[in-house]
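As structure tokens, the structure follows; a few thoughts come after it.
The values are calculated or read from the model by the stated rules, or taken from the named source; none is laboratory data. The structure displayed is predicted, hence computed values, not measured ones. Cβ placement follows ideal geometry from the backbone for every residue including glycine, while neighbour counts extend to all protein chains displayed. Ligands, DNA and RNA are stripped out before the accessible areas are found, and what is left, the full protein with its side chains, is counted by its heavy atoms. Shrake-Rupley method; radii C 1.70, N 1.55, O 1.52, S 1.80 Å.
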Amino acid sequence: MTDDELNDALDRAARWLRAAKSVCVLTGAGISAESGVPTFRASDGLWEGHRIEDVASPDGWDRNPALVWQFYNARRANVATVKPNPGHFALVALEDRFGDNFKLVTQNVDGLHLQAGSRRVLEIHGSLRQTRCTVCEAVANRGLEPLGDAPECPQCHGRLRPHIVWFGEGLPDDIWMEAMVSASECDALLVVGTSAVVHPAASLIPIARRKGATVIEVNITRTEASAYADIGLYGPSGEVLPKLLQRLE
Ligand code: BV8
């Protein structure tokens with residue numbers, strides 16, 4: 001996208017956002033790329049030669065729970081070394097502008113939105129910081145401390161698993177319902193750094209569009225979401241989102 005095309009698209013996006021009463025944002029791995037968190041696409045969906053669906057799934061867990069913990073401990077260790085980037089902070093400023101008429105729905109489990117200061121956040125796929133006991137179901141926030149590849153529940157000594165939604169698992173009903181309500185009631189939906197391939201998260205885009213929301217895509221390339229986008233802002237979100245907020249201010 002040329003600078004002129006981007007500037008024109010930024011002007012149009014800012015106009016829509018100024019007219020909007022409520023805003024919903026859907027983010028994916030791309031918003032954390034500039035912080036140093038690998039995306040799923042970038043690794044061709046592979047981790048150490050394993051298809052991510054194989055380590056991030058109930059079957060993978062049943063087959064080899066230690067391997068699954070190695071996968072998540074590697075990501076926890078990576079996230080412990082990174083910081084939110086200007087893209088995350090721009091969304092904090094957007095939230096300040098819309099207050100309770102704002103919701104940030106993220107597919108990311110890295111916790112960088114909360115770390116940046118976002119408050120109205122729905123982590124629909126869970127968080128790397130949380131564990132769940134496979135026996136007593138206790139959910140605990142363990143931060144990013146190293147956990148080893150067979151951590152036990154401090155209460156019942158049951159085996160702990162990451163409190164994360166794996167492929168083949170349903171999203172928590174309450175969080176998913178809140179996400180669908182936000183997408184169906186917003187005037188503008190920002191779709192940032194997602195390939196929009198994974199469901200049901202990707203279905204929030206046509207839901208918002210069908211309800212008349214303006215869809216604004218921010219990505220370094222076109223995606224499955226582009227067909228629903230009224231405006232495409234193609235560039236790194238860490239550069240494009242601050243420019244969008246500047247235009248709003
Ligand atoms: C379920 C947690 C049933 C784990 C994740 C309908 C159609 C097709 C398939 C399905 C369907 N319904 C269900 C399925 C199956 C499956 C699915 O969607 N498969 C896909 C692969 C086709 N869905 C499920 O299994 C879901 N569960 O259906 O259960 C059920 C229902 C009820 C009751 C019981 C059971 C669960 C899905 C959630 C799985 N968990 N994460 C973990 O993280 O380890 S999904 C995980 O992958 C992420 O959270 C995220 O959602 C997804 C990755 O997508 P992105 O975040 O978009 O990342 P990606 O790398 O793909 O793209 C990055 C983008 O950023 C790119 O576009 C790139 O261009 C851009 N980018 C890069 N750099 C930048 C940038 N953009 C801007 N700036 C930059 N600098």
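Before moving on, here are some points about what is shown:
- Number of the exception - GLY36 against (1) among the small types (Gly, Ala, Ser); (2) at negative phi; (3) not in a helix (DSSP H, G or I): (2)
- Scan of segment 161-173 for residues that are within 7 Å of the ligand (Cβ to nearest atom) and not in a loop (DSSP other than H, G, I, E, B), ordered by number: ILE164
- Enumeration of residues in segment 49-71 that are part of a helix (DSSP H, G or I) and under 20 Å from PRO146 (Cβ atoms): VAL55, TRP61, PRO65, ALA66, LEU67, VAL68, TRP69, GLN70, PHE71
- Extreme residue, nearest to LEU233 (Cα to Cα), among residues of segment 63-115 that are away from the ligand (no atom under 16 Å from the Cβ) and among the acidic types (Asp, Glu): GLU95
- Single residue of segment 174-193 satisfying the filter (open to solvent by 10 Å² or more (accessible area, probe 1.4 Å) and among the β-branched types (Val, Ile, Thr)) that is farthest from the ligand (Cβ to nearest atom): VAL181
- Just one of the listed residues (ALA42, ALA56) is farther than 13 Å from ILE164 by Cα, at pLDDT below 95, within 11 Å of the ligand (Cβ to nearest atom) and among the aliphatic types (A, V, I, L, M), and it is ALA42.
- Verdict on LEU245 being in a helix (DSSP H, G or I), more than 8 Å from the ligand (Cβ to nearest atom) and open to solvent by less than 40 Å² (accessible area, probe 1.4 Å): yes
- Residue count, segment 9-26 (criterion: out of contact with any Cys (no Cβ under 8 Å at 6 or more places or on another chain), away from the ligand (no atom under 16 Å from the Cβ) and open to solvent by less than 80 Å² (accessible area, probe 1.4 Å)): 4
- Strands (runs of 3 or more DSSP E) (entirely within segment 72-140) containing at least 3 residues that are open to solvent by 10 Å² or more (accessible area, probe 1.4 Å): 121-123, 126-133
- Exactly one residue among GLY158, GLY212 is away from the ligand (no atom under 12 Å from the Cβ), over 17 Å from the mean Cα position of the chain (by Cα) and either hydroxyl-bearing (Ser, Thr, Tyr) or open to solvent by 50 Å² or more (accessible area, probe 1.4 Å) (or both), and that residue is GLY212.
- Residue match in segment 224-231 (condition: open to solvent by less than 10 Å² (accessible area, probe 1.4 Å), within 9 Å of the ligand (Cβ to nearest atom) and of a type in the set (Gly, Ala, Ser)): yes
- LEU204 more than 8 Å from the ligand (Cβ to nearest atom), in a helix (DSSP H, G or I), in contact with a Ser or Thr (Cβ under 9 Å, 6 or more places away or on another chain) and closer than 30 Å to MET1 by Cα: yes
- Residues in segment 207-233 that are among the hydrophobic types (A, V, I, L, M, F, W, C) and not in a helix (DSSP H, G or I): ALA213, VAL215, ILE216, VAL218, ILE220, ALA225, ALA229, ILE231, LEU233.
- Conditions (1) open to solvent by less than 30 Å² (accessible area, probe 1.4 Å); (2) modelled with pLDDT under 95: number failed by ALA29: (2)
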